[in-house]
Structures are given as C-alpha cells and as structure tokens.
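Taking it in order: structure first as structure tokens, then the write-up.
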Amino acid sequence: MKLARGTKFIEEEHPQLLRDESSLSGGNCQVAVWPEKAHEVTEFLKECFEDSVNITVSGARTGITGGAVPMGGAILSTELLKGITSTADQNIIRVLAGESLESITNYCNKEKPGLFYPPDPTETTASIGGTIATDASGAASYKFGSTRNWIDRLRIILPSGTDLTVKRGEHRFRKGKLNHPVLGTINLPQLDKSQPIKNAAGLYITPGMDLIDLFIGSEGKLGLVLEADLLLARKPYAVASFAVFCSEDQFWDLRKDLMNSNLPLREMEVIADPSLTFLTENTGKTFPEEGDWVLFTSIDIASEDELDVILETLEMLLEELNISPDNTWGGFDDMEVKRLKEFRHLLPETVNRIISGHALKNNKIHKISTDTAVHPEKLQKYYFKMKSILESTKIEHVVFGHSGQGHLHANLIPKNDFELEKAELAVELIAKEAVKLGGTVSAEHGTGKLKIPLLKLMYSAKELSDMELLVERICVS
Ligand SMILES: Cc1cc2nc3c(=O)[nH]c(=O)nc-3n(C[C@H](O)[C@H](O)[C@H](O)COP(=O)(O)OP(=O)(O)OC[C@H]3O[C@@H](n4cnc5c(N)ncnc54)[C@H](O)[C@@H]3O)c2cc1C
C-alpha cells in the first residue's frame, strides 16, 4: 500500500490531500495512505482505531464544506480503490469507492446501453464513495431524488475495522430501534420534528427507516464506504434542455406554471440576478440582454411524437408570459445539452476560481456559501429574505440552485477579513431564515467542517448529543 509519513513531507509532496473545493485552509496530517485492496483498508482503520488516531477519508475532494480536509491524524485516500463490475441483476452494478461518476457513466454507455446512473451532482470527477457519504443531489434530483434512492447495497468498513455489508430491505428500524447481528441494538435519536424533505444536515433519521440510509449521508463518521451496488435507470428516448432568460417576475410565474404542468420535468433550476453580470465580468461571456434571471429545465421525452407536444406546451407557456423564443437557449441533441451543462457549471467554477485567487493573498479566505433549502412552496418568500440579507452585506455574490426543490446556493466572495466576517454572519442569518420556515441549513453538501456551527440552529443540544452518541456507538462495533 502506498504510504506517506511526516507532516512536512505530506505538505510538500501531496499538498492536494490537504484541501478540497471549499478552500478551507490549515489542513495537515501525519500519515497518508492509498489502499488498493479491502484488507489494506480494514487493517489500516483497525490500527488507527487501536492507537486512537483520527482518520479523514478523502474521495475526489470536490466537496465544498471541508469534510475531506484533515486536521491532524491520518488521511486515507480512496483514489486507488477502483473497479466496476456487473451483477446478476442487469439493473445493478457494483462499484468500488474511488471510481468517479464520469467513469460510471462511461461504463454504463459501454456495458449497459440503454441504462444510466441518475444521481448527477454536477461535478463528474466526484468519487462514488464521496457522493454516498454526502448523499449528493444536484439538478436531476428534482426527478430522481438524492443518491440514497439509487443505492441497493453498501460494503462499509467501520472505524474499528469491522467489515459490514448492508443490503436495502434487510434491516429496518421499528419504533426507533434495531437489533443487528454485528452492530447489536441501535436506538435512533428522537427528533422534535421530522427532518425537511431535502436535507444533508446531521444524521438521516426517519421513522421505520432502512439501516442502509443511516450510513448514506453520514459523511464518513460511521465508517468508510468501500463498495456500493448502484441501481440503474432506463434512459428516455431523449432529454430536452432549455435555458430561459427572463425577468424575476417572469421566472417565478414560469417556474409555477412548469411545476404545475404535466410535463415530465427532470430539472427545475435557476440562476438569479446578479449572477449573469458576474459571469460576463469574469469570463467575458455574453447572454441575451432581456433577462437577468435564467430558468433551466430539462424534460424527459419518451418518443418522437411526445417531443412535438412538449415543445408546443413550452412555447405556449412562454408566450403567455411574453417571453420571446429568442431569449431561450435549448435543444435535445447531445451538443446542445452539453453546452447548457457547461454554462451551468461555469458559475460555481468561476466562483471557486476567484475565491482561490483571493485565498492566495489571504489564506483565511474561503468560499462562503449557503446550501439552505425550504419547502418548494415557500421558496419565493424565502428568496426575498435571502436577497435582503445578501444586499445588506454589499459583498460580491451570486445566487443559483435547485429552485424546484426550494434549494438555493448563495455564494459570497469576500476579499478581506472584514468582508469574510460579514459574509459568515450573512450565512448564519440566511440559515436561520430557512430554519424558521421549516427548512434545512444544508440540503446537499453536508456539514463537513465549515457548516458544523449551523447544526445548532436546526437541532436541539439533546438531539445533537444523541446523534454523537449514536456515532460513537456504531464506531466501536
Ligand atoms: C463545481 C462543483 C459543483 C458541485 N455541485 C454539487 C451539486 O450540485 N450537488 C451536490 O450534492 N454536490 C455538489 N458538489 C459537491 C461535491 O461534488 C459533492 O459533495 C461530492 O459528493 C463529493 O464527492 P468527493 O468524492 O469529491 O468527496 P470528498 O470531497 O473527497 O469528501 C466529501 C466527504 O465525504 C467523505 N468521504 C469521501 N469518500 C468517502 C468514502 N469512501 N467513505 C466514507 N466517507 C467518504 C469525506 O471524508 C468528506 O467528509 C459540487 C462541487 C463542485 C466543485
């Protein structure tokens, strides 16, 4: 097994291991390992457990909450844990933790034509282990739900080194309790109110839940995801994607009309003002002039006949709101879908690039972003609160996200310590507003290291300590 030892050596030779996409600084560790085989993982975890060495699991480090950034101890990279195989069930593939979403797509295109793995959290270099650990979502989760909906079986190495396989449907909690042959008796923490529909803050807890769902989204706290069986879905005849450039009022009306329509929507996304101006200023790209908001949608099409009906319905909805077809980009051929995907990717990528530049001058600077969500019906009300908080900071910012799921990302771009402090305060205020409306402080990125302080806005001290106890309880199994 590849191994590196020594804080300074790792800092100089493997600096990439000490950061992720959050630009969180201060990462350090004394030991780094890159196992290739299951037994290497179990032996290393067991050794660290016996010596009380803290371990951080590192996937592709595309996370934006600092979860994979080690703060001392050891780091285990899943980079070399590779392998994708078919199973007896033609709709299920078995994948090792270090495989990227991109390689899973390539595998499906080659070996499973007509099928695909639906979770698409934008960043295709993310590892499957990381996406399971964060229960990643993304645009298509409007239709397909988060990663957990597509996981049938997990092989997990618990922090003690115990090798555990959990298959969906085999172990369910009854009245908050489960007796398991390896884990013993587990009691779920009792929550004062049920968790929001889209939520990645804290352990996943819901009545009658499957044991596998406790591990999905637990951000590596309950062990390392070594291998997963992924469910595949049938590809539709085609997917049509559209970007509609419009005013703010037109956006809210069109969003409502589309969500109430019978169209088989896969995505319902938004880029809000002033994000287009930000993109033009920082990338030189230009956009139709008549709108400072963009509604993105993509629609699954079952047949050629259905395509005509869908296009007619869409045209009618646009006409009713006086949106010119000239202000719409879209199509259904692969090139057009790719162009729109790249456009959407450009915004978070540009923000990350600029933040990294600021961080070079001041290493305290990191991405300040919200990952809050509310019930989709409350989104417009919530957005107004968010907007007034953001504008009051006078800090450069963009807003985009998964409008169909009531989920917006505000990214603030602080340039100095003063703006950093103000941006952090704004994030807390925005999170408080989300919680007031029954929402979550983190809907898809998890809490990692950066969002831990927000958990207390959403859960009581008792709920948080019960979650901690449950983590400790499973870690020693
Ligand atoms: C441009 C961009 C856009 C993004 N858009 C989205 C989006 O739309 N939706 C979304 O959900 N996310 C999004 N992300 C965030 C990120 O891609 C996801 O959080 C992804 O799931 C992280 O995967 P990773 O392999 O990079 O994990 P890492 O960043 O390496 O790790 C993330 C967390 O998972 C843990 N972990 C990693 N691997 C394992 C494992 N095998 N077992 C146990 N724990 C593990 C780590 O310890 C850490 O806590 C985006 C990121 C970028 C850069």
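Summary table below
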| read-out | value |
| --- | --- |
| Tyr204, Tyr142, Tyr237 arranged by Cβ crowding within 10 Å, fewest neighbours leading | Tyr237, Tyr204, Tyr142 |
| Rg/Rh for the range 1-78, where both radii come from Cα atoms and Rh is the Kirkwood radius | 0.95 |
| Out-of-range pairs (alpha-carbon distance over 25 Å; input Lys381/Lys422; Lys198/Lys456; Lys415/Lys451; Lys198/Lys422; Lys341/Lys451) | Lys198/Lys422; Lys341/Lys451 |
| Estimated vicinal HN-Hα couplings, Hz - the range 130-136 in sequence order (Karplus 6.51, -1.76, 1.60; Gly, Pro = x) | x, 6, 6, 5, 9, 6, 4 |
| Of all DSSP beta bridges in the range 2-77, antiparallel share, percent nearest 5 | 35 percent |
| Signed unit charges on C-beta, dipole axis of the range 2-77, positive-most listed residue Asn28, Leu76, Gln16 | Gln16 |
| Nearest-20 debye value, the chain charge dipole, Cβ charges on Lys, Arg, Asp, Glu | 1800 debye |
| The chain: DSSP helices with Cα axial extent of at least 27 Å and average Kyte-Doolittle hydropathy no lower than 0.0 | 417-436 |
| Residues Met335, Met467, Met316, Met71 arranged by fewest to most Cβ contacts within 10 Å | Met335, Met316, Met71, Met467 |
| Rg(Cα)/(2.2 N^0.38 Å) for the chain, N = residue count | 0.97 |
| Lysines with Cα under 23 Å of Lys46, excluding same-chain neighbours fewer than 8 positions away | Lys2, Lys37, Lys82, Lys221 |
| Between the range 288-328 and the range 428-462, the Cα center-to-center distance that results, in Å | 35 Å |
| Interatomic Cα distance distribution for the range 83-153, bins of 5 angstrom, percent | 3, 17, 29, 29, 17, 3, 0 |
| Rg to Rh quotient for the range 1-130, alpha carbon positions, Kirkwood Rh | 1.02 |
| Stokes-Einstein diffusion coefficient of the range 243-333, Kirkwood radius over Cα pairs, 25 °C, 0.890 mPa s, in µm²/s | 178 µm²/s |
| Long-range tail of P(r) for the range 240-446 (Cα pairs > 21 Å, %) | 55 percent |
| Unit charges on C-beta of K, R, D, E only; dipole of the range 8-119, Debye | 360 debye |
| For the range 240-446, with +1 on Lys and Arg beta carbons and -1 on Asp and Glu, the positive-most of Gly284, Leu317, Leu265 along the dipole | Gly284 |
| Inter-centroid distance (Cα atoms) of the range 193-227 relative to the range 82-151, Å | 18 Å |
| Expected 222 nm ellipticity per residue - DSSP helices of 4 or more, -39500 (n - 2.57), all of the chain, to 500 | -11000 deg cm²/dmol |
| The range 232-253 versus the range 375-426: alpha-carbon centroid distance in Å | 23 Å |
| Added length on full extension, which subtracts the Cα-Cα distance from 0.36 nm per residue, Ser247 to Val182 | 17.7 nm |
| Over the range 358-477: Kirkwood hydrodynamic radius from C-alpha pairwise inverse distances, Å | 15.3 Å |
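Quick note: the coordinates plus some simple rules give every number you see, no bench work behind them. Quick caveat: nothing in here was measured; it's all calculated off a predicted structure. Quick reminder, even Gly has a Cβ in these numbers, built from the backbone with ideal geometry, and neighbours come from all protein chains shown.
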